[in-house]
Amino acid sequence: MNDKRKNPKDQQLEEYRVDDSGKKLTTNHGLKVSDTEHSLKAGDRGPTLMEDFHFREKMTHFDHERIPERIVHARGYGAHGEFEVYESMKEFTKAKFLNDPEVKTPVFVRFSTVAGSRGSGDTVRDARGFATKFYTEEGNYDLVGNNIPVFFIQDAIKFPDLIHAVKPEPHNEMPQAASAHDTFWDFVANNTESAHMVMWAMSDRGIPRSYRMMEGFGVHTYRFVNDKGEAHFVKFHWKPKLGVHSLVWDEAQKIAGKDPDFHRRDLWESIENGDYPEYELGVQLIKEEDEFKYDFDVLDPTKLWPEELVPVKIIGKMTLNRNQDNVFAETEQVAFHPGHVVPGIDFTNDPLLQGRLFSYTDTQLIRLGGPNFHEIPINRPVCPFHNNQRDGYHRTTVNTGQVAYYQNSLQNNEPAPAAEEDGGYVHYQEKVDGNKVRKRSESFEDHYSQAKLFWNSMSDVEQQHIIKAFRFELGKVKSKEVQQQVVNMFSNVCTYLAGEVAKGIGAKVPDHAEGSPEERSSQALSQMNTMKSPATRKLAILAMDGFDYEAVQKVMDTLKASGAMPEIISGSLGSIKSKDGNELDVDNTFLTVDSVLYDAVYVPGGKENVEGLKKEREAVSFIQEAYSHFKAVAASTEGTELFSTIGVDSNEAGIITTDENTKFDSFSEQLLEAITEHRHWNRSI
Ligand code: HDD
């Protein structure tokens, strides 16, 4: 057992793991099976006999092996890891896993898309789920968030409406995993509180490059409570160490066909390679007495707390260091719930959060088939659990003893509730007072200020991406009325945005806007200000026989030293021979991969190599497409000649070329820098 297999959760899972290799085939009841390819028949051409218990068991199990997919977030992928806090947060919360920097808390994370079915593509435009289960010594704590810090609606009772609108339309079950259709945009136009999150979803945040390169947000305002009973409002943030990076829309759509598993493969391979994804946990804290100090309501889930007003305090780090053993057992059966809390973490009256506290257990009951889903290995806490709940489908615990009720004297009232000082959970004693009403607070009425704040915070390039995303989505909407309503609605965010969208879809340019002007912007919202790193970035080296070995070696060495990942792509698998007779193994062919699966492209020199590449249509389009997706594109010596013939302008940003072999050191470094930059937006294409 290696080191990362020693944490308490892993030790617990080990008890359930079964390795079938080298074993004899048996029935579920342990009987050895002598033949599993022929059913028992009356004569070798006769009918199958009812007596064939092995056939019946095998077939019955197969017939029942699907469970309902999640109503939302059906497509997801999980990984195990650990969380450590940097310094004790005792001042703010008594949550033990946030109090002791020595403690490493096991975690299981599930990333997901929201709208698509379990078999849909990874790179569709959507919010991404970012759900973390912390297996703490005080019980499981679930932080069930998204990669967007705000939500579409303000009250949970509207969630079924929102999801019915975004899911495929019921009469023809189209489109799959896409918001670009009438019912979604009709919902948006009639529910203006969605404006802020729609802006995020239409931005590059809706098409992340990798699960490892996106932020996570708890979205709601929660409460931290310390051991003196003092509370702070808190918002949670996950900040990826690799920075926040996205695909371009054309690329995202192509990847959905070329490799629908793009994000799960990326996560799986990074962990297999030992490039463990890391995210820092940040918190924003507001004192209870400052609840009304801001121009947004802290209970409104369509509002973020601008980092300039309430800084994010980085308090710890999560490292994902182990892939799951079995996707069904772990990713599919894991059951998250925002109501799984530990002492020191409490709720607020955010009406979206309040409703979620009902929905998650309810959905697990149907999805996982009964009230004992907490006994499924991935869901079990690492601390013991004791209560008087009994029986139900799939119960595995064998509770001994006569007594299953409280209060009792036969068993001295055990299991007994714990006092607060012994870790018993006591809800924060907030005073509430009001009439029973079906209403929303007036303080939730401003639907546009933060949508404007987001828009103002975008760079020019990001704004153009948003305009194009609106044009794409509304361009797929058939109802002219819905199109116009949406354009009118977003003129309240920015008249320029609405005008540009209107032009693209043949709608009328609105001449008025509601709401107050919002001049503010927030640096933290633009991806242009994110961290950059070459680590795990994939470079495609396009090479045929006759390539320049020295050049390729130099580039590979420089990149590998910085954690980037070069691969040789050629016309066929096997190996290629350089002009001076050296051989290199080919990783992939122009047929098995595509430029959209890489971050950058390099064409080395060698006359015969370049002639060979020219003849490969896929090789040429590989380079052209990488260029049009703003990626780093490089060539050395004879390789540079290819560029001018295929429309790649060497003077554009992020195009790295060299004519001389002697300058390879600086060439490789420049290429590395260009890859680190992620994309070169100021290319005139
Ligand atoms: Fe939810 C799943 C995140 C609002 C009802 N939600 C689910 C998952 C994530 C979120 C990440 C997938 C968990 C996993 O990987 O298994 N949901 C959010 C966020 C929300 C939000 C960040 C707003 C801040 N959700 C929300 C509301 C409701 C639900 C308002 C209903 C009242 N969500 C569900 C659910 C799901 C779910 C139907 C489907 C599968 C599951 O719970 O386990 O109960």
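Points to keep in mind about this one:
- Residue match in the range 540-549 (condition: in contact with an Asp or Glu (Cβ under 6 Å, 6 or more places away or on another chain) and under 30 Å from MET458 (Cα atoms)): no
- Residues of the range 327-360 that turn out to be more than 19 Å from VAL150 (Cα to Cα), touching a helix residue (DSSP H, G or I) at 6+ places or on another chain (Cβ under 6 Å) and near the ligand (Cβ under 9 Å from one of its atoms), as a count: 2
- PHE62 passes every criterion in (1) away from the ligand (no atom under 16 Å from the Cβ); (2) farther than 24 Å from VAL225 by Cβ; (3) in the same structural domain as TYR211 (by TED's automatic domain parsing); (4) not basic (Lys, Arg) apart from (3).
- Selection over the range 123-165 of residues that are in a loop (DSSP other than H, G, I, E, B) and either surrounded by 21 or more Cβ atoms within 10 Å (Cβ to Cβ) or within 12 Å of the ligand (Cβ to nearest atom) (or both) gives a count of 14.
- Of the residues screened, THR113 is one that is in the same structural domain as LYS258 (by TED's automatic domain parsing), within 16 Å of the ligand (Cβ to nearest atom) and touching a His at 6+ places or on another chain (Cβ under 8 Å).
- The listed residue being touching a residue at least 60 places away in the same chain (Cβ under 8 Å), over 30 Å from HIS386 (Cβ atoms), surrounded by fewer than 23 Cβ atoms within 10 Å (Cβ to Cβ) and more than 9 Å from the ligand (Cβ to nearest atom), out of PRO208, PRO175, PRO168: PRO175
- Taking the listed residues LEU13, LEU25, the one that is surrounded by 15 or more Cβ atoms within 10 Å (Cβ to Cβ) and of a type outside the set (Lys, Arg) is LEU13, with no other qualifying.
- Of everything in the range 37-94 that is part of a loop (DSSP other than H, G, I, E, B) and polar (S, T, N, Q), the residue that is surrounded by the fewest Cβ atoms within 10 Å (Cβ to Cβ) is SER88.
- Positions within the range 349-393 being open to solvent by 40 Å² or more (accessible area, probe 1.4 Å) and in contact with a strand residue (DSSP E or B) (Cβ under 7 Å, 6 or more places away or on another chain), in sequence order: VAL382
- The lone criterion from (1) more than 38 Å from the chain's Cα centre (by Cα); (2) open to solvent by 30 Å² or more (accessible area, probe 1.4 Å) left unmet by GLU420 is number (1).
- The set of residues from the range 180-191 being within 16 Å of the ligand (Cβ to nearest atom) and part of a loop (DSSP other than H, G, I, E, B) comprises just one member, ASN191.
- Filter result (free of Cβ contacts under 8 Å to residues at least 60 places away in the same chain and open to solvent by less than 10 Å² (accessible area, probe 1.4 Å)) within the range 590-609: SER595, GLY605
- Residues satisfying the stated conditions in the range 292-315, i.e. out of contact with any Ser or Thr (no Cβ under 7 Å at 6 or more places or on another chain) and open to solvent by 40 Å² or more (accessible area, probe 1.4 Å): PHE292, LYS293, TYR294, ASP295, LEU309, PRO311, LYS313, ILE314
- For the range 610-636, a tally of residues being open to solvent by less than 10 Å² (accessible area, probe 1.4 Å) and of a type outside the set (S, T, N, Q) returns 12.
The values are calculated or read from the model by the stated rules, or taken from the named source; none is laboratory data. This structure is a prediction, so every number in the text was calculated from the model and none was measured. Cβ sites come from the backbone with ideal geometry, for glycine too, and all protein chains shown count toward neighbours. For accessibility, only protein heavy atoms count, side chains too; no ligands or nucleic acids. Shrake-Rupley method; radii C 1.70, N 1.55, O 1.52, S 1.80 Å.
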